[in-house]
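Trainee: One structure, pasted below without further comment.
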Amino acid sequence: MRADEVYAKTDAGREEIETRARKLPPALRSTLLLVDGRRNIAQLLGLASGLHAPPDALAQLAEQGLIAPLAQIAEAAAAWSDAADRYRVLSGLMSEAVRQHLGLRGYFMQLKIERCNDTDELSALLPELTAAIAKSKGVPSAQQWERGVRAAMA
């Protein structure tokens, strides 16, 4: 796990929150609740340590298939038909790209992402985000990022 990588709950993780079928220890369950697809590993580890969770809590959750990298979950999004899930994944990928590639310069882009109400609006914003990434990290990197996002959402 990389410190800057963003993780989200898998379907199994969401099911565990609802059913408590695996009977996770309280600190591990609380850590699972913190995983939201927006916080990176470093942030989650900081919060989990305050819950007295084991240092490998996130690794344990990942091994059990309860959480996964947001990018990996996005790849599975192609099979999803639920528009709300597609919106959540796309907005998460775009927000992560702003954070990772644009930093503070991406503040207004992040506001635009947050104002989008559906996947069509987010898709319309992709070229602008790709151009901003190209300006910051170079055209090849931006094109590769956009291809990955479009493939995940196809």
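Trainee: Could you list, in sequence order, all residues of the range 27-64 that are small (G, A, S), over 19 Å from the mean Cα position of the chain (by Cα) and modelled with pLDDT of 90 or more?
Mentor: From the range 27-64, those small (G, A, S) are 27, 30, 37, 42, 46, 48-50, 53, 57, 59, 62; that's our starting set.
Now restrict to residues that are over 19 Å from the mean Cα position of the chain (by Cα): 27, 49-50, 53.
Those that are small (G, A, S), over 19 Å from the mean Cα position of the chain (by Cα) and modelled with pLDDT of 90 or more: A27, A53.
Trainee: Condition (residue is in contact with a Ser or Thr (Cβ under 6 Å, 6 or more places away or on another chain) and either at pLDDT 90 or above or assigned to a loop (DSSP other than H, G, I, E, B) (or both)) applied to the range 80-89: is it met by at least one residue? Spell out the reasoning first.
Mentor: Kept after step one, since they are in contact with a Ser or Thr (Cβ under 6 Å, 6 or more places away or on another chain), are these residues of the range 80-89: 86-87.
Filter again for either at pLDDT 90 or above or assigned to a loop (DSSP other than H, G, I, E, B) (or both), leaving none.
Scanning the range 80-89, I find no residue that is in contact with a Ser or Thr (Cβ under 6 Å, 6 or more places away or on another chain) and either at pLDDT 90 or above or assigned to a loop (DSSP other than H, G, I, E, B) (or both), so the answer is no.
Trainee: Anything in the range 1-58 that is touching a Leu at 6+ places or on another chain (Cβ under 9 Å) and either among the aromatic types (F, W, Y) or assigned to a strand (DSSP E or B) (or both)? List them, or say none.
Mentor: Selection gives V6, Y7, A8, K9.
Trainee: Just the residues that are at positive phi and in contact with a helix residue (DSSP H, G or I) (Cβ under 6 Å, 6 or more places away or on another chain), please, taken from the range 2-43.
Mentor: Initially, the range 2-43 is screened for residues at positive phi, giving 20, 23, 37.
Listed by number, the list holds a single entry, G37.
Trainee: Here's a follow-up. Could we say that V149 is under 22 Å from D36 (Cβ atoms) and aliphatic (A, V, I, L, M) here? Spell out the reasoning first.
Mentor: Details: under 22 Å from D36 (Cβ atoms): yes; aliphatic (A, V, I, L, M): yes.
Yes: the conditions hold for V149.
The values are calculated or read from the model by the stated rules, or taken from the named source; none is laboratory data. In this text, all values refer to a predicted model and were calculated from it rather than measured experimentally. Cβ coordinates were reconstructed from backbone atoms using ideal geometry, including for glycine residues, and neighbour counts include every protein chain displayed.
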